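The values are calculated or read from the model by the stated rules, or taken from the named source; none is laboratory data. Quick caveat, the model's predicted, so the values are computed rather than measured. Note that we place each Cβ from the backbone using ideal geometry, even for glycine, and neighbour counts take in every protein chain shown.
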Amino acid sequence: MATATVIMGRRIRPGRVVAWTLLLIGGIVMVMPILYMFATSFKFPHEVGELSLIPKEPTLENYIYVLGDGRFFRWFLNSLGIAVIVTLSNVFFDSLVGYTLAKFRFRGRYLVFIAILSTLMIPTEMLVIPWYVMAKTLGWLDSYWGIMFPGMMTAFGTFLMKQFFETVPDDFLEAARIDGLNEFQIWWQIAMPLVTPALSALAIFTFLGNWTAFIWPLIVTNSKEHYTVPVGLTSFSFEQGVQWEVIMTGAAIATLPTLIVFLVFQRYIVRGVVLAGLKG
């Protein structure tokens, strides 16, 4: 039997020490690339190859260069607008479909749900060609709508919202019907406020996923005015060689919104994922 060590009146078990040590090592491994990215953003080109986290000659020239480039500000607004619109679309449509599948009894609803879930088995890379053909046919190539349309509604969001809506008591909905509310009002005014953790988690995951999206925006856009931040940063690799310090600076600036979103809404992320797992 494992023995426990008493430190300052607390019993510390060896298993807990091992667990915390592994978590610490894992945290360091994950944080180091981010710290290196921010450190490199303050370096001159000749220091980029050094793995030090403290620049020998810190400089703000990279930030002045990136922020002074009007293209980066345009890319930032593109990413922000696309992420916000797609997030709102997911919150609306995924919750609406999830509510319908959870609270309405109609023939074939399980088949519809299974069909939606089956799309989760298809790798995104296999969907790129059909998406591109659709975008070309509909005239959406090199447009904001072309970037957004594949993610306006997702199977994961539908599944997540359905699981949560199934926990909403039917008595609440019946009482609302007796009071004269129509089905849309019941969904919006009664059911939606009861699944706030799921809505928050869905909104955060969708926003972060679209903010960092790279493959599809790279394929569907040609003109730089339609670039998002991840795609736009690649242009610094072709104009004057690979400007790693500039790329790292742009990536550091682009990372700030995601860090802010995570720090502010961390409890919603954790709660939403935990509850989704329990309800799954």
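Counting the residues of the stretch 60-100 that are surrounded by 18 or more Cβ atoms within 10 Å (Cβ to Cβ), within 11 Å of residue 232 (Cβ to Cβ) and not hydroxyl-bearing (Ser, Thr, Tyr) gives 5. Do the conditions hold for residue 56, that is, is it surrounded by 11 or more Cβ atoms within 10 Å (Cβ to Cβ) and either more than 24 Å from residue 224 (Cα to Cα) or not assigned by TED's automatic domain parsing to the domain that holds residue 204 (or both)? It is false that residue 56 is surrounded by 11 or more Cβ atoms within 10 Å (Cβ to Cβ) and either more than 24 Å from residue 224 (Cα to Cα) or not assigned by TED's automatic domain parsing to the domain that holds residue 204 (or both).
So for the stretch 90-105 (the condition being of a type in the set (Lys, Arg), under 30 Å from residue 186 (Cα atoms) and without any contact (Cβ under 8 Å) to a residue 12 or more places away in the chain), does at least one residue qualify?
Our first condition is that a residue be of a type in the set (Lys, Arg); within the stretch 90-105, this holds for 103, 105.
Okay, now just the ones that are also under 30 Å from residue 186 (Cα atoms), so 103, 105.
Remaining after also requiring without any contact (Cβ under 8 Å) to a residue 12 or more places away in the chain: 105.
Scanning the stretch 90-105 turns up at least one residue that is of a type in the set (Lys, Arg), under 30 Å from residue 186 (Cα atoms) and without any contact (Cβ under 8 Å) to a residue 12 or more places away in the chain.
Check every one of the helices (runs of 4 or more DSSP H) wholly within the stretch 28-145 and list those with 2 or more residues that are under 25 Å from the mean Cα position of the chain (by Cα) and charged (D, E, K, R). Give the steps one after another, and end with the answer.
Numbers: elements: 61-68, 70-103, 109-118, 124-138.
The qualifying helices (runs of 4 or more DSSP H) are 70-103.
Of all the residues that make up the stretch 166-181, how many are over 23 Å from residue 110 (Cα atoms) and in a loop (DSSP other than H, G, I, E, B)? Within the stretch 166-181, residues that are over 23 Å from residue 110 (Cα atoms) and in a loop (DSSP other than H, G, I, E, B) number 3.
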